[in-house]
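A.B. asks: One structure, as structure tokens, below. Some questions next.
Computed from the coordinates by the stated procedures, all read-outs in this text should not be read as laboratory data. This is a predicted model, so every value here is computed, not measured. FYI the Cβ positions are ideal-geometry reconstructions off the backbone, even for glycines, and counts take in every protein chain you see.
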Amino acid sequence: MDVRLVQCSTAASPSRLPGLDWAVNPYRGCSHACAYCYAQDVTRFDARSPWGSIVEVRVNIVQRLRRELSRRCEGVYGVGTVTDPYQPLEARHKLTRGCLSILKRSEARTSILTKSNLVLRDIDILSEWPDVEVGLSVGTIDERASSVIEPGAPPPKLRFEALRKLADSGIDVYLMAAPIIPAISDDEPSLRRLVELADLSGVRRIMWDGWNPKPIAKKRLEASVVSSELMEPFDGTRRIHPGAASVLREECRIRGIDLIDAF
Ligand code: SF4
């Protein structure tokens, strides 16, 4: 992997994502390398290189954020809105940890989204912080499929364990059930089991989203499934099963979990 240490001129940029006012992304590029990831379509970050092969580390983001928050901290800060704030490089650089310390000290409302159980390292910061929520993202509960389409991310079972530990520590958690992918994770048994595992992990709120086949991501997902012997061929033109939303809604209602459309 090509790791590039870069300086940023701004730590928090305005966010247009629902429920978020500011976006804080310590890394550009993501070594979790999910085949379905939209980030390359959205940011055009080195679209000629394999996704996950280049990561920029914004080494001065903590100092920048400290300065920016000394002037204002209204609104909700999303940490990891474009790429994962707990991808493996975070274990060494601790930039997400540094940003969270500052956000907590500034009493900024903060929302974190990740696919990694590395978030557990920061339980000391996350606990006793009333204005933080932590989302773990799981789009498929099939460990075999996950190893093909999310090759650099911790397996789903570690993400559910992380949710359990965070919830047990009194931290406000949610499951980001996304992306639900046609023919990979949109069948009824998988959707019901996804909600059941969230329930068993102490989750009381699920946000969900179907996969939107943007051009680069669609090509990448098709190629990764074709080159794997673990999965059936994948047809990127298929749409998510029309009954997926009602299955999720029903299973959440039975279990007393709030279901929210992410977008
Ligand atoms: S963890 Fe998120 S940002 Fe990273 S590759 Fe996967 S979908 Fe993209």
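A.B. asks: Evaluate the distance, in nm, between pseudo-label points positioned 7 Å from the Cα of residue 188 and of residue 200 along their respective Cα→Cβ axes.
C.D. replies: So the two model labels end up 2.1 nm from each other.
A.B. asks: In Å and on Cα atoms, what radius of gyration and Dmax does the stretch 108-223 show?
C.D. replies: For the stretch 108-223, the Cα radius of gyration and maximum Cα-Cα distance read 14.5, 44 Å.
A.B. asks: Next question. Rule-of-thumb check for the chain: C-alpha Rg over 2.2 N^0.38 Å?
C.D. replies: Working it through for the chain, the quotient is 0.98.
A.B. asks: If you don't mind, there's one more thing I want to ask. How many angstrom lie between the Cα centre of the stretch 31-88 and the Cα centre of the stretch 171-243?
C.D. replies: Here the two parts' Cα centres lie 22 Å apart.
A.B. asks: Provide the FRET efficiency to the nearest 0.05 for the residue 3-residue 76 pair, computing r from the beta carbons and using R0 = 35 Å.
C.D. replies: 0.70
A.B. asks: For the residue pair residue 212 and residue 21, what label-to-label distance in nm results when each label sits 7 Å from Cα along the Cα-to-beta-carbon direction?
C.D. replies: 2.4
A.B. asks: Give, in nm to one decimal, the length gained when the segment between residue 92 and residue 124 is fully stretched (0.36 nm per residue of separation minus the Cα-Cα distance).
C.D. replies: Residue separation times 0.36 nm, minus the Cα-Cα distance, leaves 9.8 nm.
A.B. asks: Quick one: order 207, 1 by neighbouring beta-carbon count within 10 Å, fewest to most.
C.D. replies: Ordered by Cβ neighbours within 10 Å, fewest first: 1, 207.
A.B. asks: To continue, here is another question. Within the stretch 1-36, name every residue whose backbone N is under 17 Å away from a label modeled 7 Å from Cα of residue 44 along the Cβ vector.
C.D. replies: Under cut-off, by backbone N: 29.
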